[in-house]
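Chemist: Take a look at the following structure, please.
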Amino acid sequence: EGDVNKAYLFLGYHTADIKSEDKYALDVISMILGEGRSSRLYQKVRERLSLVSSIGSWSYTPLYPGVFAVTATLEPDKFSRVKDEIIREIDRLRTEAVSPAELEKVKEMIISEYYFSRDTVAGQASDIGYCEVATANCNYLTEYVEKVKKVSAEDIIRVAQKYFYADNLTVTGLFPRGALPAAAPEVKNSSVVNAIQKYELPNGL
């Protein structure tokens, strides 16, 4: 619980690092599920069911194993239903093939974002620096685009089945004070967390 007016949901699955071949399918899945107003979660959970004021997804794959996450802002009493609707949409990806039209659309969106990010010299320099630090390959993003183009409907099902299952899922909620659902033991009250402690090392740090 905290000093907030709405409830905030964070749903995350442990996934892969930046060098994994699964990264490309995870990025495509993120675009399908929750990036932009045409995404599945936005259209269903926000537009059709009117359960949230905002919703989105992202895939974070750093040098170490990352996370695939969905976040949403909603009324506290809708938390459980929103969580169930999100998981239901994610589970669809484990068994139902994405249509060729939807797959092509999200690939074009990802590739367009890449080219827009390199529209300036500063953007190009930033991309090169990031690639060198993160992967020791300054051409990584160029290769990334080519690999995104090759992601298939079968790849999406395979990756969804690999990472999107109950034992690999963490759900966190932040609620207005007094609004924490009684039947939600998995959501822990932040007041029980130990206070931050300060330590000073012999060298003064």
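The values are calculated or read from the model by the stated rules, or taken from the named source; none is laboratory data. It should be emphasised that the depicted structure is a prediction, and the values quoted were computed from it without experimental measurement. Every residue, glycine among them, receives a Cβ derived from its backbone with ideal geometry; neighbour counts consider all protein chains shown. Ligands, DNA and RNA are excluded from the accessible area calculation, which covers all protein heavy atoms including side chains. Shrake-Rupley method; radii C 1.70, N 1.55, O 1.52, S 1.80 Å.
Chemist: When only residues in the range 164-187 that are in a loop (DSSP other than H, G, I, E, B) and modelled with pLDDT of 95 or more count, which is farthest from Lys107 (Cα to Cα)?
Modeler: So, considering only residues that are in a loop (DSSP other than H, G, I, E, B) and modelled with pLDDT of 95 or more, the one farthest from Lys107 (Cα to Cα) is Phe175.
Chemist: Filter the range 57-81 down to residues that are open to solvent by less than 20 Å² (accessible area, probe 1.4 Å) and within 21 Å of Asn5 (Cα to Cα), then give me how many there are.
Modeler: 4
Residue-wise test of (1) open to solvent by 10 Å² or more (accessible area, probe 1.4 Å); (2) of a type in the set (A, V, I, L, M).
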residue	(1), (2)
Phe10	yes, no
Ile18	no, yes
Arg37	yes, no
Gln43	yes, no
Arg48	yes, no
Ile55	yes, yes
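Chemist: With the condition kept exactly as written, say whether any residue in the range 28-37 is at pLDDT below 95, assigned to a strand (DSSP E or B) and either of a type outside the set (D, E, K, R) or over 25 Å from Arg81 (Cα atoms) (or both).
Modeler: Checking the range 28-37: not a single residue is at pLDDT below 95, assigned to a strand (DSSP E or B) and either of a type outside the set (D, E, K, R) or over 25 Å from Arg81 (Cα atoms) (or both).
Chemist: Please go through the range 149-168 and give me each residue that is buried (at least 17 other Cβ atoms within 10 Å of the Cβ) and touching a Phe, Trp or Tyr at 6+ places or on another chain (Cβ under 6 Å), ordered by number.
Modeler: Those that are buried (at least 17 other Cβ atoms within 10 Å of the Cβ) and touching a Phe, Trp or Tyr at 6+ places or on another chain (Cβ under 6 Å): Val151, Tyr163, Phe164.
Chemist: Looking at (1) of a type outside the set (Val, Ile, Thr); (2) under 21 Å from Ser152 (Cα atoms); (3) open to solvent by 10 Å² or more (accessible area, probe 1.4 Å); (4) in contact (Cβ under 8 Å) with a residue 24 or more places away in the chain, which is the only condition Leu93 fails?
Modeler: Condition (3) is where Leu93 drops out.
Chemist: Going by the structure shown, is Ala25 open to solvent by less than 40 Å² (accessible area, probe 1.4 Å), hydrophobic (A, V, I, L, M, F, W, C) and in a loop (DSSP other than H, G, I, E, B)?
Modeler: no
Chemist: Starting from the range 53-64, take each residue that is touching a residue at least 24 places away in the same chain (Cβ under 8 Å) and assigned to a strand (DSSP E or B) and list its partners that are acidic (Asp, Glu) and open to solvent by less than 90 Å² (accessible area, probe 1.4 Å), counting only C-beta distances under 9 angstrom and pairs at least six apart or across chains.
Modeler: Going by the 9 Å Cβ cut-off, the qualifying pairs are Ser53/Glu75; Ser57/Glu35; Trp58/Glu35; Ser59/Asp27.
Chemist: In the set Val145, Val98, which member is out of contact with any strand residue (DSSP E or B) (no Cβ under 8 Å at 6 or more places or on another chain), surrounded by 13 or more Cβ atoms within 10 Å (Cβ to Cβ) and under 19 Å from Ser38 (Cβ atoms)?
Modeler: Going through Val145, Val98 in turn, just one is out of contact with any strand residue (DSSP E or B) (no Cβ under 8 Å at 6 or more places or on another chain), surrounded by 13 or more Cβ atoms within 10 Å (Cβ to Cβ) and under 19 Å from Ser38 (Cβ atoms): Val98.
Chemist: Of all helices (runs of 4 or more DSSP H) completely enclosed by the range 80-163, which ones contain at least 1 residues that are touching a Lys or Arg at 6+ places or on another chain (Cβ under 9 Å) and at pLDDT below 95?
Modeler: Because the criterion is at least 1 residues that are touching a Lys or Arg at 6+ places or on another chain (Cβ under 9 Å) and at pLDDT below 95, the helices (runs of 4 or more DSSP H) in the range 80-163 that meet it are 100-117, 121-135, 140-149.
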